[in-house]
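Engineer: Sharing a structure below in structure tokens format, with a few things to ask.
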Amino acid sequence: MKFTPEKYTIEDRPHEPFIDVHEIENFLERPRPSKERIDEIIRKSISKKRLSLPEVADLLNADDPSSVEQIKAGAMKLKEAVYGNRIVLFAPLYVGNKCINNCQYCGFRVSNKDAVRHTLNHDDLIQEVMALEDNGQKRLILVYGEHPMYDADFIADSVRTVYKVKRGNGEIRRVNINAAPLDHEGFKKVKEAGIGTYQIFQETYHPGIYKKFHPSGKKADYNNRLTSLDRAQDVKLDDVGIGALFGLYDWKFEVMALVRHTNHLEACYNIGPHTISFPRIKDALNVNLDQDYSVSDEDFTRLVAILRLAVPYTGLILTARENAALRKEVMRFGVSQIDGGTKIEIGAYAAAKADQHIDKEQFMINDDRSLNEVINELLDNDYLPSFCTACYRLGRTGEHFMEFSVPGFIKRFCSPNAILTLAEYLVDYAPEETAEKGWKVIEKNISELNGHANVPELRSRIEKIKAGERDLYF
Ligand code: SAM
Ligand code: SF4
């Protein structure tokens with residue numbers, strides 16, 4: 001079927017690139033800000049306003065130890081005061097690693113002849129989803145290389161398959177996508193399959209550096225990738241995720257560009273990205289990159305705190321590329337989603353259940369704990385693990401924005417829904433020790449709702465979950 005632009009209010013037009021390297025560089029040349037100026041910027045952020053590019057540049061230039069501490073404290077305050085203690089959990093599911101591109105940092109690149117290529121067929125995919133459901137997962141992100149085989153129909157089909165797999169009380173309630181950019185018709189097809197977020201990382205926003213790392217294949221076209229999420233917006237796929245791969249170029253430039261991308265989407269479509277991801281390059285099969293721009297743990301922590309302040313109502317995703325200790329540290333500054341029980345080799349979830357060996361992955365992960373181990377640590381550290389998918393399924397899109405802008409939204413909806421989904425996990429999947437801990441955390445969180453939520457109704461739904469009902473939400 002041909003895409004017919006006249007059906008849409010925004011016409012099917014080519015989009016112009018919006019990153020101005022010199023503009024960003026000029027902002028980054030601003031002098032180191034005073035303590036008062038940093039306080040002023042933090043106050044703006046805590047009042048829930050997205051920061052401007054000069055303000056973000058000021059935070060990036062504040063590199064003396066006391067300013068860095070001031071910024072981290074500000075990010076923690078924003079997180080505690082506004083965001084609460086929920087952490088949403090998900091798992092990646094790698095569907096296929098065939099790839100026509102030659103991204104120099106990736107084990108799946110076409111020139112890596114040692115990579116073993118696999119694509120999950122229909123039955124394999126079902127096996128993977130069943131294994132994930134058996135672990136207690138409710139939210140997945142499907143990941144694909146870029147290949148003619150993985151076109152929009154293929155992606156949409158796999159999404160529909162995933163939603164259909166039900167095992168015991170298990171089901172996947174939200175499927176996000178991380179795949180190559182599509183055209184308008186393609187984005188429309190995957191939206192119709194019922195996806196949550198479509199994630200595309202620009203890798204580096206610097207066009208010259210981008211060219212060096214993407215020498216061939218479709219991904220060599222910087223502008224096509226940069227404007228891809230504008231095409232998604234054109235067909236009303238408005239739930240999009242952006243990201244940069246840290247380590248390719250100056251991390252401060254990339255943070256500025258992520259904020260620029262955010263305000264581009266807000267200005268043009270009145271809705272910012274749902275999430276921002278900030279993967280750091282990890283070792284991969286036959287990859288040997290120079291370390292000119294590698295980001296230290298200290299700078300990584302700084303960049304997360306600055307991003308938190310820069311975009312107060314955008315979800316921040318931290319993946320198992322980072323080790324458990326660093327994840328724990330960085331979470332304090334306002335990460336809202338993490339993966340747990342992650343495996344990134346094709347077919348690995350089902351293979352783990354059958355105790356089989358499978359081939360090498362795209363890159364090395366550094367946190368290979370099970371979902372239950374991750375949940376245990378969250379519970380120990382006073383977080384409220386959540387598998388909530390309510391807003392998206394009730395059509396309450398832009399939920400991060402609502403969390404902030406609608407007074408009491410978190411206590412009325414987000415926390416009770418986190419509690420209900422955690423209760424399901426505790427009843428269906430948790431070992432005794434985790435369950436014991438989890439119910440205590442639930443009680444503590446209920447006591448902190450302070451009359452903002454309908455606690456009797458929440459308690460009645462918890463009892464219904466104990467009695468076997470599922471998928472209850474506010
Ligand atoms: N093939 C699609 C693409 O490139 O957009 C999507 C899947 S790709 C497997 C997902 C992301 O993994 C890429 O956007 C990149 O940021 C990240 N990635 C690739 N190689 C990596 C590495 N060596 N270390 C960490 N992340 C990496
Ligand atoms: Fe292919 Fe994506 Fe890897 Fe690039 S990052 S080689 S496009 S799988």
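The values are calculated or read from the model by the stated rules, or taken from the named source; none is laboratory data. Just so you know, these numbers come straight off a predicted model, no measurement behind them. When we count neighbours, we look across all protein chains shown, and the Cβ atoms used for this are built from the backbone with ideal geometry, even at glycine. Note: areas computed on protein heavy atoms with side chains; ligands, DNA, RNA excluded. Shrake-Rupley method; radii C 1.70, N 1.55, O 1.52, S 1.80 Å.
Engineer: Filter the range 318-358 down to residues that are more than 15 Å from ligand 1 (Cβ to nearest atom) and among the charged types (D, E, K, R) and give me whichever is modelled with the lowest pLDDT.
Structural biologist: Looking only at the range 318-358, we keep the residues that are more than 15 Å from ligand 1 (Cβ to nearest atom), and these are 324-325, 328-338, 340-341, 347, 349-358.
Then keep just the ones that are among the charged types (D, E, K, R); that gives 328-329, 332, 353, 355.
Numbers: Lys328: 96, Glu329: 95, Arg332: 95, Lys353: 80, Asp355: 76.
The selected residue is Asp355.
Condition check ((1) within 16 Å of ligand 1 (Cβ to nearest atom); (2) closer than 30 Å to Ala62 by Cα; (3) open to solvent by 20 Å² or more (accessible area, probe 1.4 Å)) across all residues:
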| position | (1), (2), (3) |
| --- | --- |
| Pro215 | yes, no, yes |
| Lys219 | yes, no, yes |
| Gln233 | no, no, no |
| Lys236 | no, no, yes |
| Thr262 | no, yes, no |
| Ile276 | yes, yes, no |
| Pro279 | yes, yes, no |
| Asp290 | yes, yes, yes |
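Engineer: Now for a separate question. Wholly within the range 206-324, which strands (runs of 3 or more DSSP E) include no fewer than the required count, namely at least 2 residues that are closer than 23 Å to Glu25 by Cα and out of contact with any Pro (no Cβ under 8 Å at 6 or more places or on another chain)?
Structural biologist: On the way: elements: 240-244, 275-277, 315-318.
Hits in the range 206-324: 275-277.
Engineer: Moving on. Just name the residue that is farthest from Ile24 (Cα to Cα) out of those in the range 192-205 that are in a loop (DSSP other than H, G, I, E, B) and open to solvent by less than 20 Å² (accessible area, probe 1.4 Å).
Structural biologist: We begin by selecting, within the range 192-205, every residue in a loop (DSSP other than H, G, I, E, B); these are 193-197, 204-205.
Next, from what is left, pick out any that are open to solvent by less than 20 Å² (accessible area, probe 1.4 Å): 193, 195-197, 204-205.
Numbers: Ala193: 38, Ile195: 33, Gly196: 31, Thr197: 28, Thr204: 13, Tyr205: 11 Å.
Here the residue is Ala193.
Engineer: Same structure, new question: Which residue, of Val330, Val304, Val295, is touching a residue at least 12 places away in the same chain (Cβ under 8 Å), open to solvent by 10 Å² or more (accessible area, probe 1.4 Å) and closer than 19 Å to Ile71 by Cβ?
Structural biologist: Values: Val330 fails: open to solvent by 10 Å² or more (accessible area, probe 1.4 Å); Val304 fails: open to solvent by 10 Å² or more (accessible area, probe 1.4 Å).
Exactly one of Val330, Val304, Val295 is touching a residue at least 12 places away in the same chain (Cβ under 8 Å), open to solvent by 10 Å² or more (accessible area, probe 1.4 Å) and closer than 19 Å to Ile71 by Cβ, namely Val295.
Engineer: Oh, and also: Can you tell me how many residues within the range 87-114 are modelled with pLDDT of 95 or more, open to solvent by 10 Å² or more (accessible area, probe 1.4 Å) and more than 16 Å from ligand 1 (Cβ to nearest atom)?
Structural biologist: Residues in the range 87-114 being modelled with pLDDT of 95 or more, open to solvent by 10 Å² or more (accessible area, probe 1.4 Å) and more than 16 Å from ligand 1 (Cβ to nearest atom): 1 in total.
Engineer: So which residues in the range 427-441 are under 25 Å from the mean Cα position of the chain (by Cα) and hydroxyl-bearing (Ser, Thr, Tyr), if there are any at all?
Structural biologist: Matches in the range 427-441: Tyr429 only.
Engineer: Do we have Met149 as farther than 29 Å from Tyr249 by Cβ and assigned to a loop (DSSP other than H, G, I, E, B) here?
Structural biologist: Values: farther than 29 Å from Tyr249 by Cβ: yes; assigned to a loop (DSSP other than H, G, I, E, B): yes.
It is true that Met149 is farther than 29 Å from Tyr249 by Cβ and assigned to a loop (DSSP other than H, G, I, E, B).
Engineer: To continue, here is another question. Could you say which residue among Ala73, Ala57 is assigned to a helix (DSSP H, G or I) and closer than 24 Å to Thr204 by Cβ?
Structural biologist: Values: Ala73 fails: closer than 24 Å to Thr204 by Cβ.
Criteria check complete, one pass: Ala57.
Engineer: Could I ask something else about it? Examine the range 84-95 for a residue that is assigned by TED's automatic domain parsing to the domain that holds Thr204, in contact with a helix residue (DSSP H, G or I) (Cβ under 7 Å, 6 or more places away or on another chain) and within 14 Å of ligand 2 (Cβ to nearest atom), and state whether such a residue exists.
Structural biologist: yes
Table: residues versus (1) within 16 Å of ligand 2 (Cβ to nearest atom); (2) open to solvent by 20 Å² or more (accessible area, probe 1.4 Å).
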residue: Pro148; (1), (2): yes, yes
residue: Asp151; (1), (2): yes, yes
residue: Thr161; (1), (2): no, no
residue: Lys166; (1), (2): no, yes
residue: Asn178; (1), (2): yes, yes
residue: Val190; (1), (2): no, no
